[in-house]
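Report on the structure given below.
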Amino acid sequence: MTDNLHALEDWAGLLLARLSPGERRKFGNSIGRDLRRSQQQRIAAQRNPDGTPYAARKPRQLRGKAGRIKRQMFARLRQAKHLRLMSTPDAIAIGFAGRVARIARVHQYGLRDRPGRGQADVQYDRRELLGFADADLEMIRDRLLAHLAG
């Protein structure tokens with residue numbers, strides 16, 4: 001996957017060098033918005049970038065009753081106010097901002113965290129919130145070719 005990303009970066013870098021900084025920034029913003037949208041859809045579908053489903057939540061007991069968890073995982077995390085886009089003429093960055101960045105990092109890498117005060121540490125399963133799927137790389141390539149051709 002990283003080889004594909006580096007190859008795309010080398011190939012696109014040569015083509016984007018011909019554009020002015022303003023055009024590169026405008027184009028980067030449009031690509032960034034599309035990437036953020038695809039990340040949000042993938043998080044909503046609860047899929048890792050490679051297409052595998054997220055690890056299931058651990059069952060909880062609420063007031064002695066066992067039941068299914070009705071809330072969807074990461075519903076607020078995928079909102080645009082938390083999943084930020086930053087674009088410069090030379091780079092596009094999509095990441096989490098604020099307090100949710102810590103939660104996202106714990107799940108992205110499968111780290112240990114303390115969910116609340118007075119509770120024991122919990123080892124979280126790895127759930128890749130951000131990453132490049134093959135469809136994302138193809139979308140970038142297609143958009144770049146369409147922009148340069150038009």
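Charge tally for G51 (other residues, Cβ to Cβ under 13 Å; Lys, Arg +1; Asp, Glu -1): -2.
Between the helical axis of 21-44 and the longest alpha-carbon principal axis of the chain there is an angle of about 30 degrees.
When you filter the trypsin sites (Lys or Arg not before Pro) in the range 99-150 for DSSP loop state and at most 14 other Cβ atoms inside 10 Å of their Cβ, you are left with R99, R117, R126. For the chain, the longest principal axis of the C-alpha atoms and the axis of helix 2-16 are separated by about 40°.
Other residues within the sphere of radius under 15 Å centred on the Cβ of S20, judged by their own Cβ, net out at +2 (K and R +1, D and E -1). By the helix-only formula, in which each DSSP H run with n ≥ 4 contributes -39500 (n - 2.57) and the sum is divided by residues, the chain has a 222 nm mean residue ellipticity of -14500 deg cm²/dmol. Evaluating kT/(6 pi eta Rh) at 37 °C and 0.692 mPa s, with the Kirkwood radius of the range 68-150 over Cα pairs in the Stokes-Einstein relation, gives 212 µm² s⁻¹.
What is the sum of charges around A120, taking Lys and Arg as +1, Asp and Glu as -1, for the other residues whose C-beta is under 11 Å from the C-beta of A120?
Overall, the nearby charge balance is 0.
A Cα-only calculation for the range 12-143 places Rg and Dmax at 18.0, 64 Å.
Taking 0.36 nm per residue of sequence separation and removing the Cα-Cα distance, the R99/R141 pair yields an extension gain of 11.8 nm. On a 0 to 90 degree scale, rounded to 10, what angle separates helix 100-109 from the longest Cα axis of the chain? Around 90 degrees separate the two axes.
Any read-out appearing in this document is the output of simple, stated calculations on the displayed coordinates, not a laboratory observation. The shown structure was predicted, so the numbers you read here are calculated from the model rather than taken from an experiment. A quick note on method: Cβ atoms are made from the backbone with ideal geometry, for glycine too, and the neighbour counts reach across all protein chains shown.
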